[in-house]
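Asks: Sharing a structure here in structure tokens format.
The values are calculated or read from the model by the stated rules, or taken from the named source; none is laboratory data. What you are looking at is a predicted structure, and each value in this text was computed from that prediction instead of being measured. Cβ placement follows ideal geometry from the backbone for every residue including glycine, while neighbour counts extend to all protein chains displayed.
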Amino acid sequence: MFKGTNASAGIGIGKAAIIKEVEMVIRPDKVASVETEVTRFRGALADTVAQTKALADDLATKVGEKEAEIMNGHLMLLADPMLTGEIEEAIKRESVCSEYAIETTCSTYADVFAAMDDELMQQRATDMRDIKTRMQQVLQGIKPVDIASLPEGSIIVAKDLTPSMTAGINPANVTGIVTELGGKTSHSAILARALEIPAVVAVSNVMDKIEEGDSIVLDGGEGIVIVKPTEAEMNEYTAKRDQFLQEKKDLERFKGVPTVTKDGVHIELVANIGNPDDLAKVLEYDGEGVGLFRTEFLFMDRTSMPTEEEQFEAYKKVAEGLSGKPVIIRTLDIGGDKEIPYMGLAKDENPFLGYRAIRLCLDRKEDIYRPQLRALLRASAFGGIKIMIPMITCIDEIREAKALIEDIKNELDRKDIPYNKNIQIGIMVETAAASLMADVFAKEVDFFSIGTNDLTQYTMSVDRGNDKISYLYSTFNPAVLRSIRNIIKCGREAGIMVGMCGEAASDPLMIPLLLAFGLNEFSMSASAILKSRKMITGYSSEELQAVADEAMSFVTAKEVESYMKEFVNKK
Ligand code: PEP
Ligand code: MG
């Protein structure tokens, strides 16, 4: 049994189909005429563009526009005059063949991207290498690996799946994906999830461990791969697969059902999104709105800041797409560990305690915050937009932000530009300071949304991304639970809505506790909505009070968690 990263949930059972790129030897061969060589390069470029366009169209019909965006990103790279110009320059300067000029130019860019401390930029490196290989393959007349015609029941095993390979997959025939490289947020993992193919990535040296045709079982939710399973293992995983598929089917009946507990408490079950294209999944899984739009994604993966107009269009699209339902849009949460090269931010010594989110925005009102807030206010005329401010630690910050919003409202009034005059302003409660002062903040804002990802990190003083100390990172720690309970209590006493948009909101062991504490709104990834609705409608918040009291009597995270596990499994 091998362990890897769980990239796409589900059980895959099938035969290994090893995917290996044909090795290309790229040498600095000299050419007789650079003009002829440049023409040869341009021809290959045009063919690669045509091939990529076909993949994008195929993906758009097979999975959706959002997924096709990955291929459109490749098209943008191929159309970048700086990149193609540099390749032509290298051919002319060194009188070398196109393959070599492509190799050196694209690799230089890819290495720069790969060295950046940002997953999105590292993904750019994969994209750059992907287009490099495809241009070279076209030049050498090598056909790309034909993933589209794999036989039924294939489990793809590869070193890494490039986005263009993933795009060619026929989901009817591929029952699983195993790769040696990649991460949870790599494009191939995202595509695997969109295609709903179970996938385990980052399995070390897997290419040496599996042979063509080997029988394989994988659990994409647990990140487990079993090669040549025993009969008992095969039976176990076949049962698990059937159960997984059955559960998925069962959840369909929770579409269109109101999220009300057995004793009649209405809960808002909403989604976390990162850009307007995520809306499709929110609607597919019957989300009741958006509880967190992480706007930093609009700023990432590009070379300059999105304009006010671009932002306005994005916010308006979400507001309109949800026809008046609540859409909580969080203002920019960037800085610290989330780097945006074009913003020219210095590296912080302690990124998570540093120049981040509201701190940065209030410091850069004119070029960053004012355009974003103006875009949000203008878009509020088109739907249920609420503004949410992240990383708040003191009252002055929220007062300063509110004053800026008032200022922009006055400006819009003067110019007769429509906006929602009663737009709600809320905060993320995700720092220890905001939690301790929740009673005061509750009088200052219209709603709270608890960000447990950061609240856990700041309460436990544990870096949320550090594997070595991850044993301390638990939202079940009584310190974090007391904090959550206090925030909800303060919000309720002040009569404001209290939601949660951290990962804990969709944790099946946490949901009963949150209901007992009185949480009004649960925001999560769209795919978790139906399962959470099934849970919420099965409980009465009153019956859960005793459970919560008992859970809060324990003094360690482990005790609380195992108590909740026992309770939920018994149910
Ligand atoms: C959180 O901190 O819980 C949260 C939802 O925000 P992010 O994960 O974007 O920091
Ligand atoms: Mg946060």
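Asks: Hey, any hits in the stretch 403-416 for a residue that's in a helix (DSSP H, G or I), within 16 Å of ligand 1 (Cβ to nearest atom) and more than 23 Å from Met305 (Cβ to Cβ)?
Replies: No, every residue in the stretch 403-416 fails to be in a helix (DSSP H, G or I), within 16 Å of ligand 1 (Cβ to nearest atom) and more than 23 Å from Met305 (Cβ to Cβ).
Asks: Take Tyr355 and decide whether it is within 16 Å of ligand 1 (Cβ to nearest atom) and either surrounded by fewer than 20 Cβ atoms within 10 Å (Cβ to Cβ) or polar (S, T, N, Q) (or both).
Replies: Yes.
Asks: Go through the residues of the stretch 462-469 one by one and say whether even a single one is within 16 Å of ligand 2 (Cβ to nearest atom), in the same structural domain as Glu268 (by TED's automatic domain parsing) and over 21 Å from the mean Cα position of the chain (by Cα).
Replies: Yes, some residue in the stretch 462-469 is within 16 Å of ligand 2 (Cβ to nearest atom), in the same structural domain as Glu268 (by TED's automatic domain parsing) and over 21 Å from the mean Cα position of the chain (by Cα).
Asks: Only one of Leu481, Leu472 is over 28 Å from Val265 (Cα atoms) and either at pLDDT 95 or above or surrounded by fewer than 22 Cβ atoms within 10 Å (Cβ to Cβ) (or both); which?
Replies: Leu472
Asks: Moving to a separate point now. Out of the stretch 323-347, which residues are over 19 Å from Phe113 (Cα atoms) and either more than 16 Å from ligand 2 (Cβ to nearest atom) or among the hydroxyl-bearing types (Ser, Thr, Tyr) (or both)?
Replies: Scanning the stretch 323-347 gives Ser323, Gly324, Lys325, Pro326, Val327, Thr331.
Asks: Inside the stretch 423-475, can you point out the residues that are part of a helix (DSSP H, G or I) and within 12 Å of ligand 1 (Cβ to nearest atom)?
Replies: Matches in the stretch 423-475: Ala434, Thr452, Asn453, Asp454, Leu455, Thr456, Gln457, Tyr458, Thr459.
Asks: Could you tell me which of the residues Asp250, Asp242, Asp278, Asp286 is in the same structural domain as Val318 (by TED's automatic domain parsing), charged (D, E, K, R) and out of contact with any Gly (no Cβ under 7 Å at 6 or more places or on another chain)?
Replies: Result of the check over Asp250, Asp242, Asp278, Asp286: Asp278.
Asks: Only one of (1) outside any loop (DSSP other than H, G, I, E, B); (2) within 16 Å of ligand 2 (Cβ to nearest atom); (3) under 26 Å from the mean Cα position of the chain (by Cα); (4) more than 19 Å from Phe299 (Cα to Cα) is not met by Leu360, so which one is it?
Replies: Condition not satisfied by Leu360: (4).
Asks: Among the residues of the stretch 278-313 satisfying the criterion of being of a type in the set (D, E, K, R) and surrounded by fewer than 17 Cβ atoms within 10 Å (Cβ to Cβ), which is farthest from ligand 2 (Cβ to nearest atom)?
Replies: Glu309
Asks: Within the stretch 215-252, which residues are in a loop (DSSP other than H, G, I, E, B), modelled with pLDDT of 95 or more and loosely packed, with under 15 Cβ neighbours inside 10 Å?
Replies: Lys228, Thr230
Asks: Any idea which residue in the stretch 314-342 is surrounded by the most Cβ atoms within 10 Å (Cβ to Cβ), counting only those that are part of a strand (DSSP E or B) and in contact with a strand residue (DSSP E or B) (Cβ under 7 Å, 6 or more places away or on another chain)?
Replies: Val327
Asks: Out of Arg485, Arg533, which single residue is basic (Lys, Arg), touching a strand residue (DSSP E or B) at 6+ places or on another chain (Cβ under 7 Å) and outside any loop (DSSP other than H, G, I, E, B)?
Replies: The match here is Arg533.
Asks: Follow-up question, since we're still on this one. Just to verify a result, which residue in the stretch 488-501, among those that are part of a helix (DSSP H, G or I) and of a type in the set (A, V, I, L, M, F, W, C), is nearest to ligand 1 (Cβ to nearest atom)?
Replies: Ile488
Asks: For the list (1) part of a helix (DSSP H, G or I); (2) away from ligand 1 (no atom under 16 Å from the Cβ), I need the number of the one condition that Ala504 fails.
Replies: (2)
Asks: If you don't mind, there's one more thing I want to ask. Pull up the stretch 512-528, narrow it to residues that are within 16 Å of ligand 1 (Cβ to nearest atom) and part of a helix (DSSP H, G or I), then point me to the one that is surrounded by the fewest Cβ atoms within 10 Å (Cβ to Cβ). Break it down stepwise before answering.
Replies: Applying the first criterion (within 16 Å of ligand 1 (Cβ to nearest atom)) to the stretch 512-528 yields 514, 519, 521-526, 528.
Next, only the ones that are part of a helix (DSSP H, G or I) stay: 514, 526, 528.
Numbers: Leu514: 27, Ala526: 21, Ala528: 19.
The extreme case among them is Ala528.
Asks: Being within 13 Å of ligand 1 (Cβ to nearest atom) and among the hydrophobic types (A, V, I, L, M, F, W, C) is the requirement here; does Val480 meet it?
Replies: yes
Residues are listed down the side, and each one gets a yes or a no for (1) at pLDDT 90 or above; (2) in contact with a helix residue (DSSP H, G or I) (Cβ under 9 Å, 6 or more places away or on another chain); (3) crowded, with 20+ Cβ neighbours inside 10 Å:
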residue	(1), (2), (3)
Ser98	yes, yes, yes
Glu103	yes, yes, yes
Thr108	yes, yes, no
Met116	no, yes, no
Met128	yes, yes, yes
Met135	yes, yes, yes
Gly141	no, no, no
Asp160	no, yes, no
Met165	no, yes, yes
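Asks: At positive phi, modelled with pLDDT of 95 or more and surrounded by fewer than 22 Cβ atoms within 10 Å (Cβ to Cβ): does that describe Asp416? Even if it seems obvious, please write down each step before you answer.
Replies: Details: at positive phi: yes; modelled with pLDDT of 95 or more: yes; surrounded by fewer than 22 Cβ atoms within 10 Å (Cβ to Cβ): yes.
Spelling it out, Asp416 is indeed at positive phi, modelled with pLDDT of 95 or more and surrounded by fewer than 22 Cβ atoms within 10 Å (Cβ to Cβ).
Asks: Could you grab me the full set of residues in the stretch 373-402 that are within 16 Å of ligand 1 (Cβ to nearest atom) and either in contact (Cβ under 8 Å) with a residue 60 or more places away in the chain or crowded, with 21+ Cβ neighbours inside 10 Å (or both)?
Replies: Lys386, Ile387, Met388, Ile389, Pro390, Met391, Ile392 - these are the residues of the stretch 373-402 that are within 16 Å of ligand 1 (Cβ to nearest atom) and either in contact (Cβ under 8 Å) with a residue 60 or more places away in the chain or crowded, with 21+ Cβ neighbours inside 10 Å (or both).
Asks: Looking only at the stretch 201-214, which residues are closer than 19 Å to Gly182 by Cβ and either assigned to a strand (DSSP E or B) or of a type in the set (Gly, Ala, Ser) (or both)?
Replies: Hits for the stretch 201-214 are Val201, Ala202, Ser204.
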